[in-house]
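Below is one structure, written out as structure tokens, with a few remarks after it.
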Amino acid sequence: PLRGRNMNVEKILIEESTFWCDRARIFLLGHESKARHMRSITIRDCDIIHFAMTPFLVEPADEMKISRVLFSKIRIHGEGQRELIRLKPVELPQYDIPGFGYIDGVSFENISVEGQGGAYQIQLFGVNKKYPVRNVYFREVVIKGNNLEKNRSYLKQNEYLRNLRLDP
């Protein structure tokens, strides 16, 4: 039905915006979508002043390919939340979306979290050899004064993560 149409999400720019979310995710890519690709997406120079659930969630299903995503210059006010970022291919049979998707090329640059202390986990979980998480880049990511490159305690990953790069 919808599969034959060009439903790609690409060449998106979101900038100079302020976000407040009481219930859902700030940025949710892939979940519940029938797009074949989500690519060339840039989100920059934004403030997240309140969030209840993981603000950066990338969850492709159904063979979707998510690539060339950049989150840059994002300032976050945290209130002790458990999770900050999750990159993980998923299956969504409850939405009639079978199979996992692909993540290849997601960057986080100049991200800062201030406010209350919390776990603020960064989860990078591929599914298996066919559906790994690939080419993830962090530069100047600071959580409560801790530079991610020097303090990896926030970072959770599994054996299906390929090519993680952390720079100060």
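For LYS144, are the conditions met, namely being among the basic types (Lys, Arg) and on the phi < 0 side of the Ramachandran plot? Against the criterion (among the basic types (Lys, Arg) and on the phi < 0 side of the Ramachandran plot), LYS144 does not qualify. What's the number of the only condition in (1) of a type in the set (Asp, Glu); (2) part of a strand (DSSP E or B); (3) open to solvent by 60 Å² or more (accessible area, probe 1.4 Å) that GLU159 fails to meet? Here GLU159 meets the rest and fails (2).
Listed by position, the strands (runs of 3 or more DSSP E) inside region 1-83 whose residues that are within 27 Å of GLY126 (Cβ to Cβ) and either out of contact with any Asp or Glu (no Cβ under 6 Å at 6 or more places or on another chain) or not small (Gly, Ala, Ser) (or both) number at least 2 are 9-15, 27-29, 37-50, 56-58, 65-79.
Comparison of PHE27, PHE108, PHE56, PHE19 shows that the only residue that is of a type outside the set (S, T, N, Q) and touching a Cys at 6+ places or on another chain (Cβ under 7 Å) is PHE19. Cβ-Cβ contacts under 6 Å between residues 6 or more apart (or on different chains), taken from a first residue in region 101-127 that is at pLDDT 95 or above and acidic (Asp, Glu) to a second residue that is open to solvent by less than 40 Å² (accessible area, probe 1.4 Å) and part of a strand (DSSP E or B), are listed as ASP104/SER67; GLU109/SER72. Scanning region 94-108 for residues that are crowded, with 16+ Cβ neighbours inside 10 Å and among the aromatic types (Phe, Trp, Tyr) yields PHE100, TYR102, PHE108. Within region 109-156, the set of residues being touching a Gly at 6+ places or on another chain (Cβ under 6 Å), open to solvent by less than 50 Å² (accessible area, probe 1.4 Å) and either closer than 14 Å to LEU87 by Cβ or among the acidic types (Asp, Glu) (or both) comprises PRO132, VAL133. Of everything in region 28-68, what is on the phi > 0 side of the Ramachandran plot and in contact with a helix residue (DSSP H, G or I) (Cβ under 9 Å, 6 or more places away or on another chain)? Give them in sequence order. Answer for region 28-68, where residues must be on the phi > 0 side of the Ramachandran plot and in contact with a helix residue (DSSP H, G or I) (Cβ under 9 Å, 6 or more places away or on another chain): just GLU32. Checked against (1) open to solvent by 10 Å² or more (accessible area, probe 1.4 Å); (2) in contact (Cβ under 8 Å) with a residue 40 or more places away in the chain; (3) over 16 Å from the mean Cα position of the chain (by Cα), GLU91 passes all but condition (2).
The values are calculated or read from the model by the stated rules, or taken from the named source; none is laboratory data. Small disclaimer: the values here were computed from a predicted structure and weren't measured. Note that we place each Cβ from the backbone using ideal geometry, even for glycine, and neighbour counts take in every protein chain shown. Protein only, heavy atoms only, side chains kept; ligands, DNA and RNA dropped before computing areas. Shrake-Rupley method; radii C 1.70, N 1.55, O 1.52, S 1.80 Å.
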